[in-house]
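First comes the structure, then the notes that go with it.
The values are calculated or read from the model by the stated rules, or taken from the named source; none is laboratory data. Treat the numbers as computed from the prediction; the structure is a model and nothing was measured. All Cβ positions, even for glycine, are placed from backbone atoms using ideal geometry, and neighbour counts span all protein chains on display. Side chains included, ligands, DNA and RNA excluded: accessible areas come from the protein's heavy atoms. Shrake-Rupley method; radii C 1.70, N 1.55, O 1.52, S 1.80 Å.
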Amino acid sequence: MFRPGEVMKTIDFRSDTVTLPTAEMLEAIKQAKLGDDVMEEDPTVIALETMAAKRFGKESALLVPSGTMANLVSVMTHCNRGDEMICDANAHVYYYEVGAVSAIAGVIPRLVEGKRGIFTLEQLESAFRGQELHFPNTSLLEIENTHNRGGGSVWPLADIKAACDFAHDNELKVHMDGARVFNASVASGINVKKYAEQVDSLMFCLSKGLSCPVGSLIVGEQEFIARARKNRKMLGGGMRQAGVIAAPGIIALNKMVDRLQDDHDNAKLMAKGLANEIGLKLDPGTVQTNIVVADVSPMTAEDFIAFATKQGVLALSFGKYAVRLVTHRGIEKEHIEQALGRFSKLKR
Ligand code: TLP
């Protein structure tokens, strides 16, 4: 409980992207062996890409600056301009990436209203229009695991398999936005290889719960990654001594995955407190990973966030009456208790 006179520490639940690199990561950056990665001569980047490909059971991997670029490069590499891509209506690639798939890749999203970002085979079947003179060519299915706007929901492997089998039977490629795929894996106990083997490409972020300062990786077949490398270059994402980005990535893959369970435990604790102690509308049973989405009505998200910020608790708006709180390294159980204490004035 905060007492007057004490310095109030800000507790930042806005995103797991706010995590800072560990001391070991900073040291690894200092020590990294570097080269020109556009010339494919940075040994640290090569080591990270090799490691990522192996971890996901794919032939090859490509380091890119951000998750947004990873999705765009993947979509561009799978689709021709004018093609259609099926994705959830709340998919990050559609909702939060400045329309890049259309503005830059010339791809038209066809939206499916999934439940917490997860759609059924029947929904996919009816979204798929088939080949017809009037229709664009549908060439890609995109799925997000965990699903950000879905509240960190984990796609069940059986649903992924059903969707991917349908896509492949109809000559569609599949891209997985696995920005938080390690959260999905830790929550489900399913090895990331099992997710990757269903899809043609998968991207994951180093810069979220894994705590790296920058970077995302795309994994896929060698031929796909070679074309993706060219698209990355076209977008200006060819980096030179990118070993400074790759070095902490290697530490992340080795050491930062298992601790994601702590974030999930803390998110569940937060959800229970918000629902049971503060009286916000949310079902704590739906929290599977490190994202909590709460309905703060009758307050607006804007008012709730302004109140929370005054109490030293930061969160993001997720709609008019919805706020998102994300747990990550740096947020401990005691911070959850403190945050709930600071919200206690709101009790309903
Ligand atoms: N998401 C960010 C914001 O853009 C909302 C966040 O704070 O969660 N895919 C998914 C599922 C993501 O959640 C994000 C980032 C991205 C892609 C893009 O990654 P970056 O931020 O590296 O471009």
Within the range 116-126, residues being open to solvent by 10 Å² or more (accessible area, probe 1.4 Å) and in contact (Cβ under 8 Å) with a residue 12 or more places away in the chain number 5
(Q) Can you say whether residue 160 is in a helix (DSSP H, G or I) and within 16 Å of the ligand (Cβ to nearest atom), as far as the supplied structure shows? (A) yes
Residue count, the range 305-324, condition more than 14 Å from residue 346 (Cβ to Cβ) and of a type outside the set (Ser, Thr, Tyr), comes to 8
Across the range 166-186, the tally of residues that are in a helix (DSSP H, G or I) and either away from the ligand (no atom under 15 Å from the Cβ) or not assigned by TED's automatic domain parsing to the domain that holds residue 126 (or both) stands at 5
Of the residues in the range 14-32, those that are under 14 Å from the mean Cα position of the chain (by Cα) and either more than 16 Å from the ligand (Cβ to nearest atom) or in a helix (DSSP H, G or I) (or both) come to 16, 17, 18
(message) Checking the structure you have, find out if any residue of the range 36-44 is farther than 14 Å from residue 228 by Cα and in contact with a strand residue (DSSP E or B) (Cβ under 6 Å, 6 or more places away or on another chain).
(response) no
On the given criteria, is residue 168 in contact with a helix residue (DSSP H, G or I) (Cβ under 7 Å, 6 or more places away or on another chain) and not aliphatic (A, V, I, L, M)? no
If we keep only residues of the range 27-45 that are in contact (Cβ under 8 Å) with a residue 24 or more places away in the chain and of a type in the set (A, V, I, L, M), then the residue surrounded by the most Cβ atoms within 10 Å (Cβ to Cβ) is 45
Inside the range 204-257, the number of residues satisfying the requirement of being touching a Phe, Trp or Tyr at 6+ places or on another chain (Cβ under 8 Å) and within 16 Å of the ligand (Cβ to nearest atom) is 6
